């Protein structure tokens, strides 16, 4: 396995952890700010993280907090640290959050964000717009990150005599 492949796999795993943590933290923060009572939560990244708020006076705020902060926090980190790895992670989060809402639109699972947003009265067009923007921008940025990662020449250090 090449060094680039190992770096790619490590970045994808890190991206998954950051995406699940920032997305779910977004629900927690938005719920707290909007006066929702947190009943239960799990932030474990190798399971599907969740948070349950009840009562939740503004469920759309609580639910949107996940996909919005799940994108904004990594993008802010990438803009702050200006490293290839943080940009890769942020772009992964763009694609992943948009894809999650898009795919869960076709699910009948009442616990997934899109179904919860629809039940809370959110317009399908607003959800679709979020998906188009995040997947559209994220795809091209993430694709460029991958191309850059796999096409950048490997700099080898000279061997000392």
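Each value in this text was obtained by applying a stated rule to the coordinates, not by laboratory testing. What you see is a predicted model, and the numbers here were worked out from it, not measured in a lab. Because the Cβ atoms are built from the backbone with ideal geometry, glycine has one as well, and the counts that use them run over all protein chains shown.
Between residue 5 and residue 52, the FRET efficiency from the beta-carbon distance, with R0 = 45 Å, is close to 0.70. With contributions of -39500 (n - 2.57) from each DSSP H run of at least four residues, the per-residue ellipticity at 222 nm computed over the chain stands at -24000 deg cm²/dmol.
The mean sequence distance of close C-alpha pairs (under 8 Å, at least 6 residues apart), as a share of the length of the chain, puts its relative contact order at 22 percent. The ranking of 33, 101 from fewest to most other beta carbons within 10 Å of each one's beta carbon is 33, 101.
When both the stretch 79-98 and the stretch 1-58 are represented by their alpha-carbon centers, they are found 15 Å apart. Using a Gaussian network model of the chain in which every pair of alpha carbons under 10 angstrom is joined by a spring, one finds that among 60, 141, 82 the greatest mean-square fluctuation is at 82. For the pair residue 83 and residue 13 in one chain, pulling the backbone fully straight at 0.36 nm per residue adds 23.5 nm over the alpha carbon distance. Out of (1) 0.99; (2) 2.09; (3) 1.07, which label holds the value of Rg/Rh (Cα atoms, Kirkwood Rh) that was computed here? The listed entry that was calculated here is (3).
Footprinting exposure proxy ranking of 106, 92, fewest other C-beta atoms within 10 angstrom first, gives 106, 92. For 127, 89, the sequence from fewest to most other C-beta atoms within 10 Å is 127, 89. Highest average first, the peptides 17-26, 61-70, 47-56 ordered by how many other beta carbon atoms sit within 10 Å of their residues are 61-70, 17-26, 47-56.
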